[in-house]
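K.L.:
Here it is, the structure in full.
The values are calculated or read from the model by the stated rules, or taken from the named source; none is laboratory data. Only a predicted model underlies this, so the values are computations on that prediction, with no experimental measurement involved. All Cβ positions, even for glycine, are placed from backbone atoms using ideal geometry, and neighbour counts span all protein chains on display.
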Amino acid sequence: MSEGRAVPEATVARLAVYLRVLSTMCDGGVLTVSSEALANAAGVNSAKLRKDLSYLGSIGTRGVGYLVEVLRERISTCLGVSEHRAVVLVGIGNLGHALAGYGGFRSRGFRIAGLFDADPNRVGEDICGLRVRGMADMQAVVTRESVSIGVIATPAEAAQEVCDRLVAAGVTSILNFAPAVLVVPDNVDVRKVDLAVELQILSFHEQRKAAGLTVVL
């Protein structure tokens, strides 16, 4: 990555999309790709893609495009997923159970190192070879597995307490699926995934389209 250049949040999000597309290309035996082809596959315009990739430093060859494997490795390094990063998941309800069983994490650079739930009826359950543990085991697992990322999939009323326990254990990044706003220290990053909000945004777009109005994205 180019020295001294801060990468915008929107660019980081698109780099993750490019990485997914490039991984699929690698699996399909594709060796090189043009900026136009990669942009089309990622759903962006080629000018935006080239600007995003400029944060990675000098890369690509005029008239040839990008070496798929090299670009994938460069983006993986930029995103910090060139080696599998350990993650813990808290809350093994319907959503948490589905997340725990999702095989795509490993192929995208993440390894679930621990599953936790406060419900004693859940503790001891086996999900894809991982045993659900009680909350009291969290600190030991986070320390032993060098976990820095936690995923919260609990009900809203439990989310802040779980967040506090994760932070106290040493987690510094949190992906929050709970419908709650979390209060965290300045050194902790939180990304919120609210499926209801996303559906409401899509509903807004549908309403505008039905009224024949243009939606500016």
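K.L.:
So which of S82, S107, S76 is exposed (fewer than 13 other Cβ atoms within 10 Å of the Cβ), closer than 30 Å to T143 by Cβ and among the polar types (S, T, N, Q)?
P.N.:
Numbers: S82 fails: exposed (fewer than 13 other Cβ atoms within 10 Å of the Cβ); S76 fails: exposed (fewer than 13 other Cβ atoms within 10 Å of the Cβ).
When all the criteria are applied, what remains is S107.
K.L.:
Restricting attention to region 103-121, report how many residues are closer than 17 Å to A16 by Cβ and either without any contact (Cβ under 8 Å) to a residue 12 or more places away in the chain or part of a helix (DSSP H, G or I) (or both).
P.N.:
Of the residues in region 103-121, 4 are closer than 17 Å to A16 by Cβ and either without any contact (Cβ under 8 Å) to a residue 12 or more places away in the chain or part of a helix (DSSP H, G or I) (or both).
K.L.:
Then there's this: How many of the residues in region 184-196 are hydrophobic (A, V, I, L, M, F, W, C) and loosely packed, with under 11 Cβ neighbours inside 10 Å? Break it down stepwise before answering.
P.N.:
Residues of region 184-196 hydrophobic (A, V, I, L, M, F, W, C): 184, 188, 190, 193, 195-196.
Narrowing the set further to residues that are loosely packed, with under 11 Cβ neighbours inside 10 Å leaves 195-196.
Qualifying residue count for the region: 2.
K.L.:
Looking at V162, V132, can you tell me which residue is surrounded by 17 or more Cβ atoms within 10 Å (Cβ to Cβ) and within 22 Å of L195 (Cα to Cα)?
P.N.:
Numbers: V132 fails: within 22 Å of L195 (Cα to Cα).
None of the others qualify; the one that does is V162.
K.L.:
Which of the following residues is touching a strand residue (DSSP E or B) at 6+ places or on another chain (Cβ under 9 Å), closer than 25 Å to S107 by Cα and of a type in the set (V, I, T): V44, V64, V30, V68?
P.N.:
Working: V44 fails: touching a strand residue (DSSP E or B) at 6+ places or on another chain (Cβ under 9 Å); V64 fails: closer than 25 Å to S107 by Cα; V30 fails: touching a strand residue (DSSP E or B) at 6+ places or on another chain (Cβ under 9 Å).
Matching residue, one of V44, V64, V30, V68: V68.
K.L.:
Within the group L67, L95, which residue is over 20 Å from S173 (Cα atoms), at pLDDT below 95 and surrounded by 13 or more Cβ atoms within 10 Å (Cβ to Cβ)? Talk me through it step by step, then tell me what you get.
P.N.:
On the way: L95 fails: over 20 Å from S173 (Cα atoms).
L67 is the lone residue from the list that is over 20 Å from S173 (Cα atoms), at pLDDT below 95 and surrounded by 13 or more Cβ atoms within 10 Å (Cβ to Cβ).
K.L.:
Going through A210, A158 one at a time, which residue ends up being among the aliphatic types (A, V, I, L, M) and assigned by TED's automatic domain parsing to the domain that holds L115? I'd like the intermediate steps shown before the answer.
P.N.:
Working: A210 fails: assigned by TED's automatic domain parsing to the domain that holds L115.
Criteria check complete, one pass: A158.
K.L.:
Looking at region 165-180, which of its residues are surrounded by fewer than 16 Cβ atoms within 10 Å (Cβ to Cβ) and modelled with pLDDT of 95 or more? Full working, then the answer.
P.N.:
Within region 165-180, the subset surrounded by fewer than 16 Cβ atoms within 10 Å (Cβ to Cβ) is 168, 170, 172, 179.
Within region 165-180, A168, G170, T172 meet the criteria.
K.L.:
State all residues of region 110-123 that are more than 30 Å from L56 (Cα to Cα) and loosely packed, with under 15 Cβ neighbours inside 10 Å; if no residue qualifies, say none.
P.N.:
Those that are more than 30 Å from L56 (Cα to Cα) and loosely packed, with under 15 Cβ neighbours inside 10 Å: D119, P120, N121.
K.L.:
Looking at R106 and the list (1) touching a helix residue (DSSP H, G or I) at 6+ places or on another chain (Cβ under 7 Å); (2) within 26 Å of M25 (Cα to Cα), which single condition is not satisfied?
P.N.:
(1)
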